[in-house]
């Protein structure tokens, strides 16, 4: 199993602090560095290049870098492919592209970017069916509902970029098995990973592929510090930002459905009712049972991290330690976390 570090812009780390963090990850024997991307934030490709470059003096060839994930509806296929290939050329094949729908198909995003209205499954399929041939050096002709290309070919000779798909529901998981180079689910218990792998395997078999051709790379969120209550609150706040359905949103689709399948249904229904009655998220975090929080990540003192990583990484091909901190810009807390979760403290499968 590979072991990575997930660094979110929300940690509030400066570029110098990020450099120190990724260099320490390289010294500790981590394999990779991953980050989510936003549509209007600093270039994810520049960030990944900075991190890779910072580790080249410590780990031979530098650590692998990747996006988990970049919201592809904000990119055209040729531009996304060219940026990815350019980075992969520089870092000698160390880049992986994780793509996902982001906020699509929210009406606000569709209006903001003048996007086509089609099913998320179709949209994802069309990006996979065009990105991967481009990375393979092919000339692509494709006429879809959201993507149309006529004789498009990259003008860059670079190592092929693996394309990972963010997937949690049955249809997307089968699509990942059929068309992607890997899958990056999110916020998963080990039991949910096992459930997901079956659907990816189904998709792979239908496409004449092996399920082993589609590795699972998962963020395992951790908030580590000596103040366990503060760590718990920061972790729960982060989780609820994903898990609770917003007004008018489906409670069976997306992250809400995903958490419901993992046993959070009753708790989330109660919390959403309290929120809709006027409660703030800060008032709700203490109402989430600790055993539910611990199903999908770890918070607490450094000494408990190795056992949690051993348990939470079951069934994965790559476990990415996704850092959460109590205070913004707290490099020491991030360093403590990656030291607590390093490979030497537990035994990856």
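The values are calculated or read from the model by the stated rules, or taken from the named source; none is laboratory data. Just so we're clear, the structure is a prediction, and the values are computed from it rather than from any experiment. Using ideal geometry, Cβ is built from the backbone for each residue, glycine included, and neighbour counts are taken over all protein chains shown.
Working only within region 158-172, note down all residues that are within 15 Å of residue 317 (Cβ to Cβ) and outside any strand (DSSP E or B). Matches in region 158-172: 162, 167. Residues that are in contact (Cβ under 8 Å) with a residue 40 or more places away in the chain, within 18 Å of the chain's Cα centre (by Cα) and within 28 Å of residue 344 (Cα to Cα) occur at least once in region 55-65.
Counted as qualifying within region 280-349 are the helices (runs of 4 or more DSSP H) with 1 or more residues that are touching a residue at least 40 places away in the same chain (Cβ under 8 Å) and in contact with a strand residue (DSSP E or B) (Cβ under 6 Å, 6 or more places away or on another chain), namely 305-312, 331-340. Taken together, the residues in region 114-158 that are farther than 22 Å from residue 216 by Cβ and surrounded by 13 or more Cβ atoms within 10 Å (Cβ to Cβ) amount to 24. Scanning region 291-304 for residues being surrounded by fewer than 18 Cβ atoms within 10 Å (Cβ to Cβ) and at pLDDT below 95 gives a total of 1.
Being without any contact (Cβ under 8 Å) to a residue 60 or more places away in the chain, buried (at least 20 other Cβ atoms within 10 Å of the Cβ), over 30 Å from residue 163 (Cβ atoms) and outside the structural domain of residue 104 (by TED's automatic domain parsing) is a property that holds for residue 271. Scanning region 126-146 for residues that are in contact with a helix residue (DSSP H, G or I) (Cβ under 6 Å, 6 or more places away or on another chain), within 24 Å of residue 214 (Cα to Cα) and not in a strand (DSSP E or B) turns up 127, 128, 130, 131, 134.
Filtering region 205-231 to residues that are surrounded by fewer than 21 Cβ atoms within 10 Å (Cβ to Cβ) and in a helix (DSSP H, G or I) leaves 205, 206, 211, 212, 213, 228, 229, 230.
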